[in-house]
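The values are calculated or read from the model by the stated rules, or taken from the named source; none is laboratory data. Note that this is a predicted model, so its numbers are computed, not measured. Counting neighbours? That spans all protein chains shown, and the Cβs are built from the backbone with ideal geometry, glycine included. These area figures cover heavy atoms from the full protein model, side chains too; ligands, DNA and RNA do not enter into them. Shrake-Rupley method; radii C 1.70, N 1.55, O 1.52, S 1.80 Å.
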Amino acid sequence: MIIHRLPELNLEIWTEQDPEWETHLSDVGDAFTFVAETPALTYPPAYMSWTVMPHLKLRETELEAAARGVLHQIAANYRTQPPKEIRQRSFGDLTGYEAILHAKSDKMPIDVLIFCGHREGRPAVVMQAVTLRDKLPHLSEHIRRSWTNVRYLD
């Protein structure tokens with residue numbers, strides 16, 4: 001695994017080394033997103049992203065409602081219905097909620113695993129894993145290795 005220390009997100013994120021996933025950082029407004037994508041000719045093609053709005057800190061009582069809002073926004077971006085069920089999960093430093101969204105991208109059926117979580121007093125983190133429909137199980141170890149090692153830098 002490759003360990004990325006990203007001060008813009010105030011996170012440590014692990015990505016695959018063999019094969020090495022291609023990564024880049026972007027910022028839109030006051031949000032920063034780190035993206036890792038499978039290299040060309042990898043099956044199934046996939047990407048993961050981590051988004052942080054550094055100034056958005058939630059109380060524990062607000063987290064579920066915020067996660068539902070994130071799920072609705074992502075579903076709207078994909079022009080599909082939001083998932084009906086969400087479940088509580090923990091990954092690394094983060095506790096929050098996850099759900100799977102079934103959508104289409106460029107007319108291709110995809111699945112999107114979405115997690116919205118935080119550590120009390122820290123900005124919320126939205127993590128996504130996206131791949132072809134029904135292929136999320138093929139990424140389960142990649143997701144586990146990466147997401148269980150997400151840490152705040154300070």
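Just checking, does region 13-31 include any residue being of a type in the set (S, T, N, Q), crowded, with 17+ Cβ neighbours inside 10 Å, in contact with a Ser or Thr (Cβ under 9 Å, 6 or more places away or on another chain) and assigned to a loop (DSSP other than H, G, I, E, B)?
No - not one qualifying residue is present in region 13-31.
Residues being within 14 Å of Arg122 (Cα to Cα) and either open to solvent by 30 Å² or more (accessible area, probe 1.4 Å) or assigned to a loop (DSSP other than H, G, I, E, B) (or both): count how many of those fall in region 32-60.
Counting residues in region 32-60 that are within 14 Å of Arg122 (Cα to Cα) and either open to solvent by 30 Å² or more (accessible area, probe 1.4 Å) or assigned to a loop (DSSP other than H, G, I, E, B) (or both) gives 9.
Any idea which of Thr23, Thr15 is touching a residue at least 40 places away in the same chain (Cβ under 8 Å) and of a type in the set (Ser, Thr, Tyr)?
Only one candidate passes the filter, namely Thr15.
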